[in-house]
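Following: one structure in structure tokens, then a few remarks.
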Amino acid sequence: MAKRGMLIVLSGPSGVGKGTVRKALFDEPDVDFEYSTSMTTREPRDGEVNGVDYYFVSKEQFEENIRNGEMLEYAKYVDNYYGTPLKYVNETLDSGKDVFLEIEVNGAMQVRANCPDAVFVFLTPPDLMELKNRLIGRGTDEMDVINKRIEKAVSEIRMMRNYDYAVLNDKVENAVERIKDIIKSERLRVSRVMPDYELMLGDK
Ligand code: 5GP
């Protein structure tokens with residue numbers, strides 16, 4: 001049986017650039033982990049594709065998935081549900097591949113409780129003004145939604161202490177390099193490589 005893959009969780013406050021960093025990371029030629037596409041009840045933005053950016057579903061469908069225990073984690077975020085379908089994550093980890101989640105902080109804490117050996121990376125903004133400008137610059141949300149997101153960001157930054165690594169997103173390419181370095185080191189962690197050595201030593 002393949003050694004179970006590693007679960008990598010990228011989280012951080014709203015508007016910090018999680019989505020941008022994640023996309024840049026997956027554009028790198030040497031990135032070989034699998035992205036878990038999330039499910040959401042929010043409306044698709046221009047250019048977003050069902051099954052690629054998200055699985056866009058109704059509130060009823062999402063709530064049914066919750067009831068059936070089909071979500072690894074989920075959160076209500078600015079009046080919509082967002083969550084990670086459990087089946088894809090489990091099957092991919094079982095096949096020995098590493099899985100990458102990009103999720104908000106409440107969901108990340110649920111993963112922390114259920115998957116203690118996952119790697120938790122917190123993306124931090126250079127400062128709050130910058131964060132606000134990014135949310136406005138994105139131009140996809142109304143001002144009251146932006147203000148709600150900023151308020152939320154402040155309380156979310158306080159949750160950084162629950163993570164393993166803090167990655168400053170001063171520049172997307174720097175953040176990407178930092179995340180790649182973290183993953184490289186995490187793959188060398190004794191607890192992760194020990195099963196291979198046990199096989200080699202004939203201990204298992
Ligand atoms: P957006 O609406 O901007 O695409 O996403 C809003 C927030 O939801 C972002 O912080 C994003 O990281 C988060 N998010 C996306 N997918 C998931 C998910 O599966 N679970 C959780 N908990 N948050 C998610």
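For the chain, the share of accessible area belonging to carbon and sulfur comes to 50 percent (1.4 Å probe, ligands and nucleic acids excluded). For the pair ASP203 and ASN80 in one chain, pulling the backbone fully straight at 0.36 nm per residue adds 39.4 nm over the alpha carbon distance.
Rolling a 1.4 Å probe across all protein chains gives LEU199 an accessible area of roughly 120 Å². The Cα-based radius of gyration of the range 64-106, divided by its Kirkwood radius, gives an Rg/Rh of 1.02.
For a Förster distance of 22 Å, can you work out the FRET efficiency between the beta-carbons of LYS180 and LEU128, rounded to the nearest 0.05? Show your work: numbers first, answer last.
Numbers: r = 27 Å, r/R0 = 1.22.
Between LYS180 and LEU128 the formula returns 0.25.
A crude spin-label estimate for the pair LYS3 and ASP164, with each label 7 Å from Cα along the Cβ direction, gives 1.4 nm. Only one residue of VAL119, PHE100, TYR54 has its Cα farthest out toward the positive end of the dipole of the chain, where Lys and Arg carry +1 and Asp and Glu -1 on Cβ, and that residue is VAL119.
Among the trypsin sites (Lys or Arg not before Pro) in the range 74-179, those located in a DSSP loop and surrounded by at most 14 other Cβ atoms within 10 Å of their own Cβ are LYS171. Total lysine pairs in the chain at Cα distances under 19 Å, for residues eight or more apart or on different chains: 24. Subtracting the Cα-Cα distance of LYS97 and GLN61 from their residue separation scaled by 0.36 nm leaves 10.1 nm. Which residue, GLU48, GLU70, GLU156, tops the fluctuation ranking in a GNM of the chain built on C-alpha contacts under 10 Å? In this elastic network of the chain, the residue with the biggest mean-square fluctuation among GLU48, GLU70, GLU156 is GLU48. Shape of the range 150-204 from the C-alpha gyration tensor: oblate (a/c of 1.5 or more and a/b not above b/c, with a ≥ b ≥ c the square roots of its eigenvalues). Taking every DSSP bridge with both residues inside the chain, close to 30 percent are antiparallel. Over the C-alpha trace of the range 77-154, radius of gyration and Dmax come out as 15.6, 44 angstrom. Classified by the C-alpha gyration tensor, the range 1-111 has an oblate form. Its axis ratio a/c, with a ≥ b ≥ c, is 1.5 or above, and a/b does not exceed b/c. Computed log10 I(q)/I(0) for the chain at 0.10, 0.15 Å⁻¹: -0.44, -0.99, from the Debye equation with unit scatterers placed on every C-alpha and solvent omitted.
The values are calculated or read from the model by the stated rules, or taken from the named source; none is laboratory data. All figures in this text were calculated on a predicted structure; none of them were measured in a lab. Cβ: placed from backbone, ideal geometry, glycine included. Neighbour counts: every protein chain shown. Protein only, heavy atoms only, side chains kept; ligands, DNA and RNA dropped before computing areas. Shrake-Rupley method; radii C 1.70, N 1.55, O 1.52, S 1.80 Å.
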